[in-house]
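See structure below.
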Amino acid sequence: MPVVTIEDLSQHVGATVELRGWVHNRTSKGKLHFVILRDGTGFVQCVLKKNVVGDELFEEIGRASQESSLTLQGEVRADDRAPGGFEISVVGGEVLQSASEYPISPKEHGADFLLSRRHLWLRSKRQWAIIRIRSAVEFALRRFFDERGFLCVDSPIFTPSACEGTSTLFEVDYFGDEKAYLTQSGQLYAEATAMAFGKVYTFGPTFRAEKSKTRRHLTEFWMLEPEMAYATLEDVIQLSEDMIVAVVKEVLERRRTELEALERDISKLEACTGGFPRITYDDASKILLEHPDSEFVEGDDFGAPDETLLAAMHDQPLVITHYPKDVKAFYMKEAPDDPTRVLAMDVIGPEGAGELIGGSQREENLDVLLEAIAKHELPMEEFEWYLDLRRFGSVPHAGFGLGLERLVRWITGIEHIREASPFPRMMTRIRP
Ligand code: 4AD
Ligand code: MG
């Protein structure tokens with residue numbers, strides 16, 4: 001008898017198969033049990049009749065509460081009324097472990113209660129849907145870059161210096177004398193590998209000791225950072241747009257069931273077809289200064305409410321460019337026609353998703369970069385290797401960083417970023 005997964009049931013209609021999983025829910029009516037079985041790939045209703053499966057199994061199933069582990073054998077029947085379109089007429093099975101009093105019942109629980117039981121909460125349908133979408137997003141991203149000839153060259157996690165400002169560094173003791181930090185971004189190393197391999201991306205965990213308890217911040221999150229030699233701001237804007245469109249399209253194809261389980265308004269994702277609106281920082285500032293609901297101060301970076309306001313004017317992600325040099329990182333290239341502005345781009349997601357992507361063309365001129373490092377009061381000696389990239393064959397180059405959980409949050413339509421990570425790390429939580 002073939003052992004199959006719930007997501008593949010459509011290929012086995014009429015056959016008798018074995019499913020291996022857990023009791024998601026059970027209801028009983030006289031000589032009938034209805035078990036919603038979950039196996040990680042999906043959920044399916046299994047019908048057990050006492051006269052078919054025999055007294056022993058029937059009674060055992062009758063005692064098996066939520067999250068008991070079991071295997072069931074039965075015939076796959078296509079049934080339009082069944083959730084998922086299939087139902088199993090059970091002929092046999094085995095309870096491996098009968099669970100007792102599973103703490104997460106179908107009733108409502110508070111966020112803290114659930115987060116403390118994240119190792120179990122992951123089994124619920126909503127979390128199942130989110131994490132499966134996350135996996136599809138990661139796969140789509142890797143496919144996108146692989147197909148475009150980008151080499152995956154990962155950056156280190158222990159680093160001796162800051163990339164995105166010293167205020168959000170996590171310090172670690174590195175064998176006593178040496179101080180090390182958990183990386184905020186793999187970018188500086190991605191720049192080095194771009195000069196070695198042309199088009200690269202790094203994809204891994206990054207860390208920010210940000211004291212922000214918002215629905216958009218984690219202290220540990222995954223960032224995907226492409227970097228291209230011989231590339232401009234325009235090139236990375238186009239790349240970010242193509243990437244988001246490709247990922248959303250693939251998720252719509254591969255994870256529709258999960259999006260539906262989350263009751264996601266799919267039309268919002270279907271609207272993401274490319275041709276993202278673009279605006280400069282200066283033009284965006286003008287809109288905000290005239291807007292009655294904005295507290296924006298001229299010359300400042302945009303706050304989350306400002307970004308939400310601007311993005312709400314569009315159905316697709318909004319690209320904001322040419323920020324003031326003063327609000328951005330040291331490595332960004334000065335705009336050739338205005339030294340107070342940098343060739344930066346942020347991609348702001350719709351529906352309050354906030355900043356999904358931050359990127360720029362990089363300063364390739366050694367002298368300008370030396371000045372910027374000094375101005376940001378960064379330790380010059382730690383950047384000597386990075387400056388070598390400007391001494392030996394410096395070329396225009398550009399890249400960006402995409403926050404994986406931010407993108408997953410937007411695609412799934414969940415309110416809080418913590419659910420976009422299997423085991424979220426936040427200012428107030430590192431357990432389980
Ligand atoms: O805008 P950021 O800080 O840019 C960089 O780190 C650049 N070095 C990237 C590059 O050009 N290679 O971060 C990039 C993205 C943000 O747009 C956001 O999506 C995400 O990383 N991000 C966070 N996600 C979750 N929690 C946090 N605390 C985040 N901080 C940034
Ligand atoms: Mg940013």
Restricting to segment 95-118, name every residue that is more than 25 Å from the chain's Cα centre (by Cα) and of a type in the set (Gly, Ala, Ser).
Ser98, Ala99, Ser100, Ser105
Checked against (1) of a type in the set (Lys, Arg); (2) more than 16 Å from ligand 1 (Cβ to nearest atom); (3) buried (at least 18 other Cβ atoms within 10 Å of the Cβ), Arg134 satisfies every condition except (2)
Is it true that Ile287 is free of Cβ contacts under 8 Å to residues at least 40 places away in the same chain, under 19 Å from His314 (Cβ atoms) and of a type outside the set (Lys, Arg)?
yes
Sort out for me the helices (runs of 4 or more DSSP H) sitting completely within segment 157-263 that have 2 or more residues that are within 16 Å of ligand 2 (Cβ to nearest atom).
187-197, 233-254
Find all pairs meeting these conditions: Cβ atoms under 7 angstrom apart; at least six residues apart or on different chains; first residue within segment 402-413 and farther than 12 Å from Gly349 by Cα; second residue outside any strand (DSSP E or B) and near ligand 1 (Cβ under 8 Å from one of its atoms).
Glu405/Leu218; Glu405/Ile417
Filter segment 140-157 for residues that are touching a residue at least 40 places away in the same chain (Cβ under 8 Å) and either of a type in the set (A, V, I, L, M, F, W, C) or in contact with a helix residue (DSSP H, G or I) (Cβ under 7 Å, 6 or more places away or on another chain) (or both) and give the result.
Ala140, Leu141, Phe144, Phe145, Phe150, Leu151, Cys152, Val153, Ser155, Ile157
Of the candidates Gly42, Gly62, Gly14, the one satisfying the condition of being within 29 Å of Leu120 (Cβ to Cβ), modelled with pLDDT of 95 or more, of a type in the set (Gly, Ala, Ser) and surrounded by fewer than 18 Cβ atoms within 10 Å (Cβ to Cβ) is Gly62
With respect to the numbered conditions (1) surrounded by fewer than 15 Cβ atoms within 10 Å (Cβ to Cβ); (2) at positive phi, which one is the sole condition not fulfilled by Met380?
(2)
Run down Lys211, Lys199 and say which single residue is more than 11 Å from ligand 1 (Cβ to nearest atom), touching a residue at least 40 places away in the same chain (Cβ under 8 Å) and of a type in the set (Lys, Arg).
Lys199
Of all the residues that make up segment 321-359, how many are within 13 Å of ligand 2 (Cβ to nearest atom) and on the phi > 0 side of the Ramachandran plot?
1
Scanning segment 51-82 for residues that are out of contact with any helix residue (DSSP H, G or I) (no Cβ under 9 Å at 6 or more places or on another chain) and of a type in the set (Ser, Thr, Tyr), which turns out farthest from Met1 (Cα to Cα)?
Ser65
Applying the selection to segment 387-432, what residues are acidic (Asp, Glu), closer than 22 Å to Gln187 by Cα and touching a Lys or Arg at 6+ places or on another chain (Cβ under 9 Å)?
Glu405
Taking the condition of a type outside the set (Phe, Trp, Tyr) and surrounded by fewer than 18 Cβ atoms within 10 Å (Cβ to Cβ), does Thr193 pass?
no
Could you check segment 1-56 and list, in sequence order, the residues that are among the acidic types (Asp, Glu) and touching a residue at least 24 places away in the same chain (Cβ under 8 Å)?
Glu7, Asp8, Glu18, Asp39
Going by what's in this entry, would Ser124 be described as more than 25 Å from Leu224 (Cβ to Cβ) and either of a type in the set (Phe, Trp, Tyr) or under 20 Å from the mean Cα position of the chain (by Cα) (or both)?
yes
Near pairs, Cβ below 8 angstrom, 6+ apart or cross-chain, from segment 158-175 (closer than 18 Å to Trp385 by Cβ) to any residue that is assigned to a loop (DSSP other than H, G, I, E, B) and more than 13 Å from ligand 1 (Cβ to nearest atom):
Ser161/Leu378; Ser161/Pro379; Ala162/Leu378
How do the pairs read when you match residues in segment 376-399 that are under 23 Å from Asp326 (Cβ atoms) and basic (Lys, Arg) with residues anywhere that are assigned to a loop (DSSP other than H, G, I, E, B) and more than 16 Å from ligand 2 (Cβ to nearest atom), using Cβ under 9 Å and keeping only pairs 6 or more apart or on different chains?
Arg390/Glu363; Arg390/Glu364; Arg390/Asn365
Unique residue being over 23 Å from the mean Cα position of the chain (by Cα) and modelled with pLDDT of 95 or more when the list is Asp293, Asp338
Asp338
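The values are calculated or read from the model by the stated rules, or taken from the named source; none is laboratory data. Note that this is a predicted model, so its numbers are computed, not measured. Backbone-built Cβ (ideal geometry, glycine too); neighbour counts: all protein chains shown.
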